[in-house]
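The values are calculated or read from the model by the stated rules, or taken from the named source; none is laboratory data. These numbers come from a predicted model, not from an experiment. Backbone-built Cβ (ideal geometry, glycine too); neighbour counts: all protein chains shown. Each accessible area value is taken on the protein alone, full model and side chains, heavy atoms only, with ligands, DNA and RNA left out. Shrake-Rupley method; radii C 1.70, N 1.55, O 1.52, S 1.80 Å.
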Amino acid sequence: MMKKVFAVVCTLALAGGVLAGCSGNSDNAEKKSDSAATEQKAAATDEVKAPESDVAMKYITPADAEANLDSSDYVFIDLRKAGHIKGAIAADMDACKGGDFQNGVDTMKAALKDATGSENGADKKLVLICYSGKSYAQAGTNVLSAIGANMDNVFTLE
């Protein structure tokens, strides 16, 4: 019984110390330091900011997509974490969907540069493929808009 009481007291004391340490004014110096480090990192990696609201998505039917599978004007981009469609380029938007927008930007730029020679897809028609046509496609659409893709040429597979 004494061990349990001791464990509870220690846990409460530790939690209190952590909470007190997190709420003090001494954090301002750390926040300023962290902010400066983040700004330096952003400048070094050409950070791209996420749009303030979701960019409107346009859709392409499976039949229209299939009709253009062999067209050099179309680039199919599989945004899923695994199970990519043969012939599509892979641009995993999992981290981006989870809140790491810069990861999505870096992933998309690299995938498009390899496939098209341009970091924003140039004037290719970009067809986004995801699990349901919703969250991963929205992340991909937001990223493409932020990196300057021609949004008239960005479609999500229905």
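Close amide-amide hydrogen proximity is noted between residue 121 and no other residue 5 or more places distant or on a separate chain, at a cut-off under 5 Å (H modeled in the peptide plane; Pro and chain starts excluded). With each label modelled as a point 7 angstrom along the Cα→C-beta vector, the residue 59-residue 95 pair spans 3.1 nm. Between residue 81 and residue 135, the simple spin-label model (points 7 angstrom out along Cα→Cβ) gives 1.0 nm.
In the structure displayed, which of 49/81; 97/124; 49/86; 49/97; 49/124 lie more than 21 Å apart, Cα to Cα? Intermediate results must be reported in sequence, preceding the final value.
Numbers: 49/81 23 Å; 97/124 24 Å; 49/86 31 Å; 49/97 14 Å; 49/124 23 Å.
Distance filter (> 21 Å) returns 49/81; 97/124; 49/86; 49/124.
Taking the solvent-accessible surface of protein heavy atoms with a 1.4 Å probe, what is the per residue accessible area of the stretch 54-158 in Å²?
I get 49 Å² per residue for this part.
At 1.4 Å probe size, with the rest of the protein present, what percent of the exposed accessible area of the stretch 46-157 is carbon and sulfur atoms? Within the stretch 46-157, the accessible surface is 46 percent carbon and sulfur. Sequentially through the stretch 133-147, phi angles give Karplus couplings (6.51, -1.76, 1.60; θ = phi - 60°) of x, 10, 5, 5, 5, 5, 4, x, 5, 4, 5, 4, 4, 5, 8 Hz, Gly and Pro residues having no value and appearing as x. Between residue 123 and residue 46, the modelled label-to-label distance comes to 2.2 nm, taking each label 7 Å out from Cα in the direction of the beta carbon.
Of the GluC sites (Glu not before Pro) found in the stretch 42-98, those that fall in a DSSP loop while having at most 11 other beta-carbon atoms within 10 Å are 52.
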